[in-house]
Amino acid sequence: MNKYVRAIIIGVVVGIGFGFLMSFVFTEGPAPIYYGAFAAVFTAYILSNLAGNKKLAIVSGAEKDQALQLQPPPGKSLLVVYREGFVAKLAGLNLFVDGKEFAQLTAPKFTALVVSPGPHNLSCGFGGLAGPQSKKGSYDFVAPADGFTAVRIGVRMGVVQGAMSFTPSSDAQAMKPKLASMPMVKADPAEL
């Protein structure tokens, strides 16, 4: 089934139910139809925006503790990407390094990926109906050998389209408590 068909069907069912309930409040006139139609469109719109979300594998225990050390394997680099904020909080943001997808994040969550040292490109974009409503983001960085690169991805609302903002951080002491308070999403693959 198309991922949008389910959202539309649920929207219609919600609209009919809400319109029916409103018919008890507004016994005369077309108001229940308007309220039902609004509820149907609103529900279908929200669910269509979330249609691109994937089931996230949450990491805990030793694997998360290892990532929080911000230490990559010898000769490698660690890329840590995290999301915070309220805008598009529930919409899954697909993450790519050098064009290869490795994770999806909702807010507040983070992921860690082992990469080779050198220049890389981190890009991201929403799935579902939220995708065409936001510009895809791109950030070029140089991964240090035996070090880490941490990037916060924010979502800014625009008049016509939203946009992504990338904020790098190299302060490990500030990063550790912030990341420790967030769930960690498993990167797949764990190394690129």
| message | Given the condition without any contact (Cβ under 8 Å) to a residue 12 or more places away in the chain, under 22 Å from Pro132 (Cβ atoms) and in a helix (DSSP H, G or I), answer yes or no: does some residue in the range 19-39 qualify? | response | no
| query | Do we find that Ser116 is of a type outside the set (Phe, Trp, Tyr) and either under 21 Å from Asp65 (Cβ atoms) or under 17 Å from the mean Cα position of the chain (by Cα) (or both) in this structure? | reply | no
| query | How many residues are in contact with a Lys or Arg (Cβ under 6 Å, 6 or more places away or on another chain), open to solvent by less than 40 Å² (accessible area, probe 1.4 Å) and in a loop (DSSP other than H, G, I, E, B) when one looks only at the range 142-168? | reply | 0
| task | Filter the range 15-28 down to the residues that are open to solvent by less than 60 Å² (accessible area, probe 1.4 Å) and not hydroxyl-bearing (Ser, Thr, Tyr), then identify the one that is farthest from Tyr45 (Cα to Cα). | result | Met22
| field | Boolean, Lys55 is touching a Gly at 6+ places or on another chain (Cβ under 8 Å) and free of Cβ contacts under 8 Å to residues at least 60 places away in the same chain | value | no
| query | Which residue out of Ser77, Ser48 is of a type in the set (Ser, Thr, Tyr), under 23 Å from Val151 (Cα atoms) and touching a residue at least 40 places away in the same chain (Cβ under 8 Å)? | reply | Ser77
| How many residues does the range 40-63 hold that are outside any helix (DSSP H, G or I) and either open to solvent by less than 50 Å² (accessible area, probe 1.4 Å) or under 21 Å from Leu179 (Cα atoms) (or both)? | 9
| query | Of all residues in the range 96-123 being in a loop (DSSP other than H, G, I, E, B) and either among the basic types (Lys, Arg) or on the phi > 0 side of the Ramachandran plot (or both), which is least open to solvent (accessible area, probe 1.4 Å)? | reply | Gly99
| Criterion: in contact with a strand residue (DSSP E or B) (Cβ under 9 Å, 6 or more places away or on another chain), farther than 20 Å from Glu101 by Cα, open to solvent by 80 Å² or more (accessible area, probe 1.4 Å) and not in a helix (DSSP H, G or I) - qualifying residue of Gln66, Gln71 | Gln71
| query | Of all residues in the range 38-47, how many are touching a Gly at 6+ places or on another chain (Cβ under 6 Å) and either within 17 Å of Gly92 (Cβ to Cβ) or hydroxyl-bearing (Ser, Thr, Tyr) (or both)? | reply | 1
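Closer than 22 Å to Leu56 by Cα, at pLDDT 95 or above and among the aliphatic types (A, V, I, L, M): which single residue out of Leu192, Leu129, Leu90, Leu122 fits that description?
Leu122
The values are calculated or read from the model by the stated rules, or taken from the named source; none is laboratory data. It should be emphasised that the depicted structure is a prediction, and the values quoted were computed from it without experimental measurement. Using ideal geometry, Cβ is built from the backbone for each residue, glycine included, and neighbour counts are taken over all protein chains shown. With ligands, DNA and RNA removed, areas are computed over all heavy atoms of the protein, side chains included. Shrake-Rupley method; radii C 1.70, N 1.55, O 1.52, S 1.80 Å.
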